[in-house]
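Presented below is the structure to which this report refers.
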Amino acid sequence: MISILIVFTYIGPALAETIFEINNFQPSKLYERKLIWPDWRLPSSMKRPGLKDDLIYPDWFEGVWDVTSEMESDQNQEPVIHSAKFIHNTSGNLIADREYNTKSYALSTKTAGFLSVKNDPKSPNRQFAKLTEDRYLETKIIGRIQEKIDNNIFFTDELTLQILHTPELSRVSQVETLTEFKKCGSNQKNDMNFGDFKICGEQFQAIYNQPGQNLISLPIKTEKSTLILRKTNYD
């Protein structure tokens, strides 16, 4: 099954970092879920988003970023370098430009045969991708939770239903993607110099079988990635 990042899309921390986080974090469902990865199961505590609901990001995500994404399972694989954009919607909330971000990531991988990506104009939670060999990938976000721990740490978790249509058959799976974003470095302040400001991310993904097969679903595949977002320099 093809897995793509619609959003921007864990190993145990070092002891010192763990102590720091325990002392500074408020109780967090997503932090606890991060700690038990890859031992996840569905259903989880995520809520189904409304038709127009979207994931709202902190203000420090605003703008266009150069993103380096690297999977930990294959040290010989080259990192995927792509672009990500965060914009304000008509309500003034900061959201991911999902079509732009997914297209940039998908086309940068050069392995899955993506030709185009389009948002559903009626909902930010649905996308359609055209692939080579007369294939289509339909994705729909069916669960979401987000947590802003403080002004430096932000968690997201989304569950996506993916349907891969081919001339012969359609294959259905569920993909959960949990991401912890941090301002890189412990000395980042609220008044940021965007010339050297970066966002660091750890992204945890689990692929499950299609819903309805079992009361409790266990992952059939898991993957961890690291992300670094650097402000795009237009000069």
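Since every read-out is calculated from the coordinates, none of them should be taken as a lab result. Small disclaimer: the values here were computed from a predicted structure and weren't measured.
Restricted to Cα atoms, region 70-114 shows a radius of gyration and a Dmax of 13.7, 44 angstrom.
Note on region 48-101: Kirkwood radius taken over Cα pairs, Stokes-Einstein applied at 37 °C and 0.692 mPa s, translational D equal to 252 µm² s⁻¹.
Rg/Rh for region 131-232 stands at 1.10; both radii use Cα atoms, and Rh follows the Kirkwood definition.
Just list whichever of 140/183; 85/198; 198/231; 148/183 have alpha carbons separated by over 19 Å in the model shown. Show your work: numbers first, answer last.
Working: 140/183 29 Å; 85/198 14 Å; 198/231 7 Å; 148/183 12 Å.
Pairs exceeding 19 Å: 140/183.
Step by step: find N for region 40-163, compute 2.2 N^0.38 Å, then divide the Cα radius of gyration by it. What's the final number?
Details: Rg = 15.5 Å, N = 124, 2.2 N^0.38 = 13.7 Å.
Dividing the Cα Rg of region 40-163 by 2.2 N^0.38 Å gives 1.13.
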